Amino acid sequence: MTTGVLFIHGFTGGPFEVAPFRHFLKSHTDWQIAVPVLPGHELGKGVQKGSMESWVMAAELELQRLLKEVDQVIVIGFSMGGLIAMYLTLRYPIKKLVLLSAAAKYISPRILAEDARIMIKVSRRKNYPTDSFYHLYNYKLTHTPIRAAIEFLRVVRLVKPYHHEVKTPVCLVQGKQDGIVPAITADVLYEQLGSARKQLIYSEHGKHHICYSDDRNIWFEKVLHFLTED
């Protein structure tokens, strides 16, 4: 049985946010992996032209493509991408769902920018791919228009009433040092999700960009086990 994985990045971010985990899955599986760039998040551009509808549609179209090419699809969403991922599970037959630092409560651009500056140092030291472009990420954060922030809040409101309707097996990963999405958000979301099969993994020292946490290899293995077990 062939498997596809759809990664959905976060607000003002890009594929670099999930790059370490994507590389891990690529080296440990033969799964087909897709990481679309949401509209308005292209490198060198702001998010002025993005909207809730365009972000959801971009993810949905990529999911539809994957569903035609593989037997089953796993969806992994980071931050705002986690909210879009939950929405997709309400509409499509998703095998399993992984929520990384799911932004179900709120987001602080100032703290996110500071986290990004720390993350670029880690990326350079570990030789992660050049598609990280944290300087552009920081620029986007400090130049994010109010309209785009409102679109982000629309995504939060889109999914919030339906947390209990998510029945897909789900694994949540949350950093306890996340200054953007409070760690307690994962506890609340875990309780609200209607999935019979749920797992919550905490990273003791992980920040919002959980894929760059010092203990990432530990939880990478745990999530892979969750994804591969029957």
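Pull up region 186-212, narrow it to residues that are of a type in the set (S, T, N, Q) and open to solvent by less than 10 Å² (accessible area, probe 1.4 Å), then point me to the one that is nearest to I74 (Cα to Cα).
S195
Considering only residues that are out of contact with any Lys or Arg (no Cβ under 8 Å at 6 or more places or on another chain) and open to solvent by 10 Å² or more (accessible area, probe 1.4 Å), look in region 164-173 and name the one that is farthest from I74 (Cα to Cα).
The extreme case among them is H164.
Could we say that V18 is in contact (Cβ under 8 Å) with a residue 12 or more places away in the chain and crowded, with 24+ Cβ neighbours inside 10 Å here?
Here the answer is yes, as V18 does meet what is asked.
Taking the conditions exactly as written (open to solvent by 10 Å² or more (accessible area, probe 1.4 Å) and modelled with pLDDT of 75 or more), does R157 satisfy them or not?
Criteria met by R157.
From the list Q199, Q174, Q192, pick out the single residue that is in contact with a Ser or Thr (Cβ under 7 Å, 6 or more places away or on another chain), polar (S, T, N, Q) and in contact (Cβ under 8 Å) with a residue 12 or more places away in the chain.
Step by step, each of Q199, Q174, Q192 is checked, and only Q174 is in contact with a Ser or Thr (Cβ under 7 Å, 6 or more places away or on another chain), polar (S, T, N, Q) and in contact (Cβ under 8 Å) with a residue 12 or more places away in the chain.
Could you check E229 against (1) more than 29 Å from P93 (Cβ to Cβ); (2) free of Cβ contacts under 8 Å to residues at least 60 places away in the same chain; (3) not basic (K, R) and say which number it fails?
(1)
Looking at S51, S27, S79, which one is among the hydroxyl-bearing types (S, T, Y) and surrounded by 24 or more Cβ atoms within 10 Å (Cβ to Cβ)?
S79
Taking A183 as meeting all but one of (1) open to solvent by 10 Å² or more (accessible area, probe 1.4 Å); (2) under 17 Å from the mean Cα position of the chain (by Cα); (3) closer than 19 Å to L97 by Cβ, write down the number of the exception.
For A183, the failing item is (3).
Grab the helices (runs of 4 or more DSSP H) fully contained in region 12-130, keeping just those with 3 or more residues being modelled with pLDDT of 95 or more and of a type in the set (D, E, K, R).
52-69
Can you say whether S27 is of a type outside the set (A, V, I, L, M, F, W, C) and without any contact (Cβ under 8 Å) to a residue 12 or more places away in the chain, as far as the supplied structure shows?
yes
The values are calculated or read from the model by the stated rules, or taken from the named source; none is laboratory data. Source: prediction; values computed, not measured. Methodologically, a virtual Cβ is constructed for each residue, glycine included, from the backbone with ideal geometry; neighbour enumeration extends over all protein chains shown. The protein model used for the area step is the full one, side chains on, heavy atoms only, and it has no ligands, DNA or RNA in it. Shrake-Rupley method; radii C 1.70, N 1.55, O 1.52, S 1.80 Å.
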